[in-house]
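Presented below is the structure to which this report refers.
The values are calculated or read from the model by the stated rules, or taken from the named source; none is laboratory data. Quantities reported herein were computed from a predicted structural model and do not represent experimental measurements. Backbone-built Cβ (ideal geometry, glycine too); neighbour counts: all protein chains shown. For accessibility, only protein heavy atoms count, side chains too; no ligands or nucleic acids. Shrake-Rupley method; radii C 1.70, N 1.55, O 1.52, S 1.80 Å.
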Amino acid sequence: MYRKSILTLLLALVTLMGQAQTKVTGHVVNERGETVEYVSIGIEEDSVGVISDAQGHFTLTIPAGRKDELTFTHVSYQAVTIPYTTYADGHELTVTLKDKVNELAEVVVGKKNKPHTLSGKSWVRTSTAGFEGECKGDIEWGPVFKNRKDYLLTDIMVTIDKCEYEECLLSFNCYEIKDKEFINVLNKPIYQRVTPADNGKQLYVSPAESVVLKGKKKYCVTISVVDIKGGGRLSFPANFKSSYARHKVKGKMRKIPGCPMIIVKGYEVE
């Protein structure tokens, strides 16, 4: 009798768990019907999330009992929130993102101005850090810094220690940290493709827009992997440095004492 009761209970729990999970699939486009690649999709400040693929398609499994809104974010578009009632029945979604209204800063840089290192100048390498396995969107990670003057962001540099993937796509982001809120200061994504041929190389990326980092404000420049081919690991030289990391797509940023070495450079603005 006892064994029969336990077996009945276990079968009921397994059935309930299988029925209660919600699988959400869909496609993300802009107002012109064009595919939007590598969109962050998830529940705010939670570990439930996923990155859409290069064609804007996504599949997300939401745990039992969760009825939260889903948030769709991309640096080039306004965030969109989808309520539970819209995705609960399991039909495929088409989510449309609206363009941001970009306000480009008018920047004046002196002709004799030389680039300054804004973060990473005096770091001492301690070990390596990076990403491994099916890591798409798992971690967004980078240093915190603040400067006395205004600077035009020109370059972000990382050194590839070792890439074991056949190929992976890195995404770089820049946030202003204001009252524990992370505000994206980019309007266009920054991507960099990496292969084993880049092992040991320094890679430089630059924003395709004028991004001014204001003096006395706190910023965080992060790196993440948004697409991979094959399996393996991607590592960078690491340092002890005040930094923030975020697990999964919409998880809460957490402060930690180390990160991949990311060097940020810019010109002083007159």
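What about residue 252, is it part of a strand (DSSP E or B) and among the basic types (Lys, Arg)? Break it down stepwise before answering.
Values: part of a strand (DSSP E or B): no; among the basic types (Lys, Arg): yes.
Spelling it out, it is not the case that residue 252 is part of a strand (DSSP E or B) and among the basic types (Lys, Arg).
Provide a single number: the residues in the range 188-208 that are in contact with a strand residue (DSSP E or B) (Cβ under 8 Å, 6 or more places away or on another chain), open to solvent by 30 Å² or more (accessible area, probe 1.4 Å) and either part of a strand (DSSP E or B) or of a type in the set (A, V, I, L, M) (or both).
Going through the range 188-208 one residue at a time, the tally reaches 6.
When residue 246 is tested against the conditions (1) within 21 Å of residue 187 (Cβ to Cβ); (2) over 18 Å from the mean Cα position of the chain (by Cα); (3) part of a strand (DSSP E or B); (4) not polar (S, T, N, Q), the lone failure is (2).
Selection of the range 32-76 for residues being open to solvent by less than 50 Å² (accessible area, probe 1.4 Å) and small (Gly, Ala, Ser) yields 40, 42, 49, 52, 54, 56, 76.
Picking from residues in the range 53-107 that are in contact (Cβ under 8 Å) with a residue 24 or more places away in the chain, of a type in the set (Val, Ile, Thr) and not in a strand (DSSP E or B), the one that is farthest from residue 39 (Cα to Cα) is 107. Within the range 240-257, the set of residues being at pLDDT 85 or above and open to solvent by less than 20 Å² (accessible area, probe 1.4 Å) comprises 243, 245.
Quick test for you: out of 150, 155, pick the one residue that is touching a residue at least 60 places away in the same chain (Cβ under 8 Å), over 15 Å from the mean Cα position of the chain (by Cα) and closer than 25 Å to residue 74 by Cβ. Before the answer, list the steps.
Details: 150 fails: closer than 25 Å to residue 74 by Cβ.
The conditions single out 155.
For the condition open to solvent by less than 20 Å² (accessible area, probe 1.4 Å) and within 30 Å of residue 80 (Cα to Cα), residue 264 does not qualify.
Could you tell me whether the range 94-108 includes any residue that is touching a strand residue (DSSP E or B) at 6+ places or on another chain (Cβ under 9 Å), within 14 Å of residue 22 (Cβ to Cβ) and surrounded by 13 or more Cβ atoms within 10 Å (Cβ to Cβ)? If you could, list the steps in order and put the result at the bottom.
So the first thing to find is which residues in the range 94-108 are touching a strand residue (DSSP E or B) at 6+ places or on another chain (Cβ under 9 Å), and the list is 94-101, 105, 107.
Adding the requirement that they be within 14 Å of residue 22 (Cβ to Cβ) leaves none.
Checked the range 94-108: no residue is touching a strand residue (DSSP E or B) at 6+ places or on another chain (Cβ under 9 Å), within 14 Å of residue 22 (Cβ to Cβ) and surrounded by 13 or more Cβ atoms within 10 Å (Cβ to Cβ).
For the range 141-187, a tally of residues being more than 18 Å from residue 234 (Cα to Cα) and not in a strand (DSSP E or B) returns 9. Among the residues of the range 128-157, the ones that are farther than 30 Å from residue 59 by Cβ and either open to solvent by 60 Å² or more (accessible area, probe 1.4 Å) or of a type in the set (A, V, I, L, M) (or both) come to 8 in all.
Listed here are the residues, each with its yes/no results for (1) within 24 Å of residue 172 (Cβ to Cβ); (2) at pLDDT below 50; (3) charged (D, E, K, R); (4) not in a helix (DSSP H, G or I).
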position: 9; (1), (2), (3), (4): no, yes, no, no
position: 15; (1), (2), (3), (4): no, yes, no, no
position: 24; (1), (2), (3), (4): no, no, no, yes
position: 27; (1), (2), (3), (4): no, no, no, yes
position: 37; (1), (2), (3), (4): yes, no, yes, yes
position: 44; (1), (2), (3), (4): yes, no, yes, yes
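Kindly check whether there is at least one residue in the range 209-221 that is exposed (fewer than 15 other Cβ atoms within 10 Å of the Cβ), more than 29 Å from residue 100 (Cβ to Cβ) and modelled with pLDDT of 90 or more. For the range 209-221, residues exposed (fewer than 15 other Cβ atoms within 10 Å of the Cβ), more than 29 Å from residue 100 (Cβ to Cβ) and modelled with pLDDT of 90 or more: absent. A count restricted to the range 173-204 and to residues that are of a type in the set (Val, Ile, Thr) and closer than 14 Å to residue 75 by Cβ stands at 3.
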